[in-house]
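The values are calculated or read from the model by the stated rules, or taken from the named source; none is laboratory data. Keep in mind the model is a prediction, meaning the values are calculated, not measured. Virtual Cβ from ideal backbone geometry, glycine too; neighbours counted across all protein chains shown. Note: areas computed on protein heavy atoms with side chains; ligands, DNA, RNA excluded. Shrake-Rupley method; radii C 1.70, N 1.55, O 1.52, S 1.80 Å.
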Amino acid sequence: MSTAPEISHRFTRDDNLFEDFTVGETIVHPRGRTISDGEHMLWTNFVLNTAQLHFNQKMCDDEPATNFGGRRVVYGGIVFAFVAGLASEETEENAACVLSYDEGRHLNPVFAGDTLFAESTVLAKSEDDPRIARCGAPGLAPGKAGVVKFLLRGLNQRGEVVLEITRELVILKKAYRP
């Protein structure tokens, strides 16, 4: 009778735990994401956004000098969601929770057909933040995880920054990774 070999499999990467991040480093996330007009319209309507600039093409056509050359602007919530998603594999896979998104700004408009990219710069790290114990993960306490603060940037295909926002994550330490 043979026994099956023991297989060790991890569901997350080995290079994005608390100790792996260095203050000042910028992580350029490898994937891009093109926003289609269909996604733009679906999500703008799904969240009941009523700003005419997102879905009234006639208004944009009638006043192109006022409305970005007659183009509808993609709703900023979609831009934020896509950019955060593009950054998640390299920064959030071993996070126990997201503490904050703060200081967000849209710096350039995004249009259907634009491709978004993301980069994250490590702004700060803390091992003794009291919010670690309060983030809701059972048994999590300072010493088992730390807080990493990032500046998340979204860029379009021309390299123009379209979004900046800070975010703080509670990220597990290597010794406490499941």
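Given the structure, is Ala124 over 17 Å from Asp102 (Cβ atoms) and open to solvent by less than 70 Å² (accessible area, probe 1.4 Å)? For Ala124, the condition - over 17 Å from Asp102 (Cβ atoms) and open to solvent by less than 70 Å² (accessible area, probe 1.4 Å) - is not met. Residues that are in a loop (DSSP other than H, G, I, E, B), touching an Asp or Glu at 6+ places or on another chain (Cβ under 6 Å) and among the polar types (S, T, N, Q) within segment 13-41 comprise just one, Asn16. Counting only residues that are closer than 21 Å to Glu90 by Cα and surrounded by fewer than 17 Cβ atoms within 10 Å (Cβ to Cβ), segment 138-156 holds 1 of them.
Residues checked against (1) under 29 Å from Lys173 (Cβ atoms); (2) open to solvent by less than 70 Å² (accessible area, probe 1.4 Å); (3) polar (S, T, N, Q); (4) within 13 Å of the chain's Cα centre (by Cα):
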| residue | (1), (2), (3), (4) |
| --- | --- |
| Glu39 | no, yes, no, no |
| Ala51 | no, yes, no, no |
| Asp62 | no, no, no, no |
| Cys97 | yes, yes, no, no |
| Leu107 | no, no, no, no |
| Asp129 | yes, yes, no, no |
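Counting only helices (runs of 4 or more DSSP H) that fall entirely inside segment 42-111 and contain at least 1 residues that are small (Gly, Ala, Ser), within 13 Å of Arg153 (Cα to Cα) and in contact with a Lys or Arg (Cβ under 9 Å, 6 or more places away or on another chain), the qualifying elements are 76-91.
Given the criteria more than 26 Å from Tyr75 (Cα to Cα), out of contact with any Phe, Trp or Tyr (no Cβ under 7 Å at 6 or more places or on another chain) and either of a type in the set (Gly, Ala, Ser) or not in a strand (DSSP E or B) (or both), does Ala175 qualify? Judged against the criteria, Ala175 is a match.
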